[in-house]
Amino acid sequence: MALKSRHLLGLDGVSGEDIQLILDTAVSFKEVLERPIKKVPPLQGKTIVNLFFESSTRTRISFELAERRLSADVVNFAASGSSVSKGETLKDTARNIEAMKIDMVVIRHASAGAPHFLSKVVASNVINAGDGAHEHPTQALLDMYTLREKHKTLEGLRVCIVGDILHSRVARSNIFGLKTMGAQVSVCGPATMIPREISRLGVPVYHRLEDVIPKVDALNVLRIQLERQEKGLFPSLREYHRYFGVTKERVDRADRPITILHPGPINRDVEISADLADGEHSVILQQVTNGVAIRMAVLYLLGSSN
């Protein structure tokens, strides 16, 4: 089976069948990761370029591991020290790299829409590894996989995304993907961090954790980007933690265990308390493991369709 699109640019508009196919394929690849020899040959002979215009450790390493586990040849490209820093455009950079006969591009860029633009100017498959405050589809897919693994189904699952929704590409992709798969999604955060157009996404909005915690099965806690404090979106880290910090004390008031997710990296005792991040209901480390399996599934499904 193959995905309907040659690219993975976001989850907005991606069908439930395609999401299901990615999640189911990832199950097989997670089994591969449990073996003594964690390498399989599906993408042998394929060349993949990781085109990262934004610094990223976790996402880049996860993609690189996934690519090498599938036996692909991997080229890592960083914008710093490259021709980009000398004024070369994204289009010229991509076309020059593609002239070296590559097959797939994984791109992370600070500008929303960069992967979509790239998909129109190169013949290679394009995977969005995060574009501005727009989307981060593989992060959402690994979140969904982790939730399905824990709760057996996404249908009817009640998930609240907590934090800076306004600037979060993770939030947008999760909203699109989870809703497509039948989950009930809500968001919670300060009014200054909720986008004005949130009503278009069709999710309830909460401004108090105490109001949302009794109503959900899982909390996906977003990292507070500390640079936002300079823009006055919240008074201080202490104030943010006081009103929106997801703590063990708050979560323990629920009448059942609540699954805790976080895309990382964590600001401990800011958006989430350390004891909760390390607690029995946290699936944060499982998310990291599942990220490799999900990216293997996406790379395999796109790469094998060529």
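Throughout, read-outs are computed from the coordinates displayed, never taken from laboratory work. Just so it is clear, the structure is predicted and the values come from calculations on it, not from any experiment. A quick note on method: Cβ atoms are made from the backbone with ideal geometry, for glycine too, and the neighbour counts reach across all protein chains shown.
Comparing Ser119, Ser199, Ser168 in a Gaussian network model of the chain where C-alpha atoms under 10 Å apart are linked, the largest mean-square fluctuation is found at Ser199. For the chain, set up a GNM with springs between Cα atoms under 10 Å and report which of Ile194, Ile127, Ile161 has the largest fluctuation. Result: Ile194 has the largest fluctuation of those listed. With contacts taken as Cα pairs under 8 Å and at least 6 residues apart, the chain reaches a relative contact order of 22 percent. Segment Arg256..Arg6, full-extension length gain: 85.8 nm, with 0.36 nm per residue of separation and the alpha-carbon distance subtracted. If the segment from Arg158 to Leu226 were pulled out straight at 0.36 nm per residue, it would be longer than the present Cα-Cα gap by 21.7 nm.
Inter-label distance, Lys150 to Ser236: 3.2 nm, where each label sits 7 Å from its Cα along the C-beta direction. Look at the dipole of the stretch 1-157 built from charges on Cβ: of His116, Val126, Leu141, the Cα furthest out on the positive end belongs to Val126.
Taken about its Cα centre, the stretch 124-190 carries a charge dipole of about 220 debye when Lys and Arg each add +1 at the Cβ and Asp and Glu each add -1 at the Cβ.
Farthest towards the positive end of the charge dipole of the stretch 1-75, among the residues Val75, His7, Leu21, is the Cα of Val75, using unit charges on the Cβ of Lys, Arg, Asp and Glu. On the basis of the beta-carbon distance and an R0 of 22 Å, Met100 and Ser304 show a calculated FRET efficiency of 0.50. For the stretch 137-286, the dipole from Cβ point charges (+1 on Lys and Arg, -1 on Asp and Glu) about the Cα centre works out to 400 debye, to the nearest 20. Close lysine pairs were tallied over the stretch 137-286: pairs 8 or more places apart or on different chains with Cα atoms under 26 Å apart number 8. Among Glu149, Glu135, Glu239, the largest mean-square fluctuation in a Gaussian network model of the chain, built with springs joining Cα atoms closer than 10 Å, belongs to Glu239.
FRET efficiency for the Asp275 to Gln44 pair, using the beta carbon distance and R₀ = 30 Å, is estimated at 0.10. Counting only Cβ charges, +1 for Lys and Arg and -1 for Asp and Glu, the dipole size of the chain around its Cα centre is about 380 debye. Placing one equal scatterer on every Cα of the chain and applying the Debye formula, the log10 ratio I(q)/I(0) at q = 0.07, 0.13, 0.14 Å⁻¹ is -0.26, -0.92, -1.05. Could you please state, rounded to a whole Å, how far the C-alpha centre of the stretch 1-70 is from the C-alpha centre of the stretch 258-275? Centre-to-centre (Cα) distance: 25 Å. Computed packing ranks the peptides 100-108, 250-258 as 100-108, 250-258, most packed first, by mean other Cβ atoms within 10 Å. State the answer as a single residue: which of Val283, Leu261, Ser304 lies farthest towards the positive end of the charge dipole of the stretch 233-306, with beta carbon charges of +1 for Lys and Arg and -1 for Asp and Glu, about the Cα centre. Of the listed residues, the answer is Ser304. Take each complete run of DSSP H in the chain, measure how far its Cα atoms stretch along the helix's own axis, and keep only those covering 27 Å or more with mean Kyte-Doolittle hydropathy at least 1.0; list them. Once both thresholds are applied, what remains is 284-303. Beta-bridge orientation, the chain: approximately 5 percent antiparallel, per DSSP, counting only bridges with both partners inside.
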